[in-house]
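Student: My questions all concern the structure below.
The values are calculated or read from the model by the stated rules, or taken from the named source; none is laboratory data. Since the model is a prediction, treat every value here as computed from it, not as a measurement. For neighbour counting, all protein chains shown are included, and Cβ atoms are generated from backbone atoms with ideal geometry for every residue, glycine included. The area values use the complete protein model at the heavy-atom level, side chains included, leaving out ligands, DNA and RNA. Shrake-Rupley method; radii C 1.70, N 1.55, O 1.52, S 1.80 Å.
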Amino acid sequence: MVVRQLERDDAVDGIFAALADPTRRDIVARVLRQEASVTSLAERYAMSFAAVQRHVAVLERAGLVRKERRGRERLVRGDVDTIRAAARLLDQYEEIWRGRLDRLDDLLAEKTEGSGR
């Protein structure tokens with residue numbers, strides 16, 4: 001399901017737009033290690049509770065985190081499947097780039113061999 005989601009440009013855009021903000025990247029890193037309540041997350045940042053809630057909402061819409069109600073708390077946990085799907089997409093871009101570098105190496109080798117004649 002996540003792979004299908006990432007095939008849509010708007011899903012990919014949402015993931016990388018969400019990760020473009022350093023606070024949101026930090027929230028994702030924290031909740032991948034251990035789930036945390038929105039309240040405990042808000043205590044870690046020099047911003048209002050409402051601002052942290054908005055960051056979490058952006059991450060949730062992008063599929064990077066999930067919220068679950070436990071009693072009066074809203075616990076946030078990272079969605080590993082979405083992170084892995086984004087990593088696979090970046091791996092594909094790296095593979096493209098490495099292919100370009102390999103072709104460049106081949107061209108340079110051909111020129112070096114050709115100039116010695």
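Student: If I take every Cα pair under 8 Å that is 6 or more residues apart in the stretch 1-72, average their sequence separation and divide by the length, what percent do I get for the relative contact order?
Tutor: Dividing the mean separation by the residue count of the stretch 1-72 yields 31 percent.
Student: Pairs of alpha-carbon atoms within less than 8 angstrom and 6+ residues apart define the contacts here; what relative contact order does the stretch 11-117 have, in percent?
Tutor: The normalised contact order for the stretch 11-117 reaches 25 percent.
Student: When only DSSP loop residues count, what trypsin sites (Lys or Arg not before Pro) in the stretch 67-102 have their Cβ near at most 14 other Cβ atoms within 10 Å?
Tutor: For trypsin sites (Lys or Arg not before Pro) across the stretch 67-102 that sit outside H, G, I, E and B with at most 14 neighbouring Cβ atoms in 10 Å, the list reads Arg72.
Student: Now, a different point. Just to verify a number: FRET efficiency for Glu113 and Ala87, C-beta to C-beta distance, R0 = 30 Å, to 0.05?
Tutor: 0.20
Student: In Å², and per residue, what accessible area does the chain have when probed at 1.4 Å with the other protein chains present?
Tutor: Accessible area per residue, the chain: 72 Å².
Student: Treating the angle as unsigned and between 0 and 90°, give the value, to the nearest 10°, between the Cα long axis of helix 22-33 and the longest Cα principal axis of the chain.
Tutor: The angle comes out near 80 degrees.
Student: Something else now. How many times 2.2 N^0.38 Å is the alpha carbon radius of gyration of the stretch 32-92?
Tutor: In units of the globular-protein estimate, the stretch 32-92 measures up at 1.21.
Student: Continuing with this model, one more query. For the chain, what is the per residue volume of the convex hull drawn over the alpha-carbon atoms, in cubic angstrom?
Tutor: In the chain, the Cα convex hull volume per residue is 133 Å³.
Student: Mind putting a number on the dipole of the chain about its Cα centre? Charges go on the C-beta only, +1 for Lys and Arg and -1 for Asp and Glu, and I need it in Debye to the nearest 20.
Tutor: 720
Student: Taking the simple approach of a point 7 Å from Cα along Cα-to-Cβ for both Asp21 and Arg44, what is their distance in nm?
Tutor: That separation, rounded to one decimal, is 1.5 nm.
Student: Given the rule -39500 (n - 2.57) for each run of at least 4 DSSP H residues, summed and divided by the residues of the chain, what is its mean residue ellipticity at 222 nm, to the nearest 500 deg cm²/dmol?
Tutor: Value at 222 nm, helices only, nearest 500: -23000 deg cm²/dmol.
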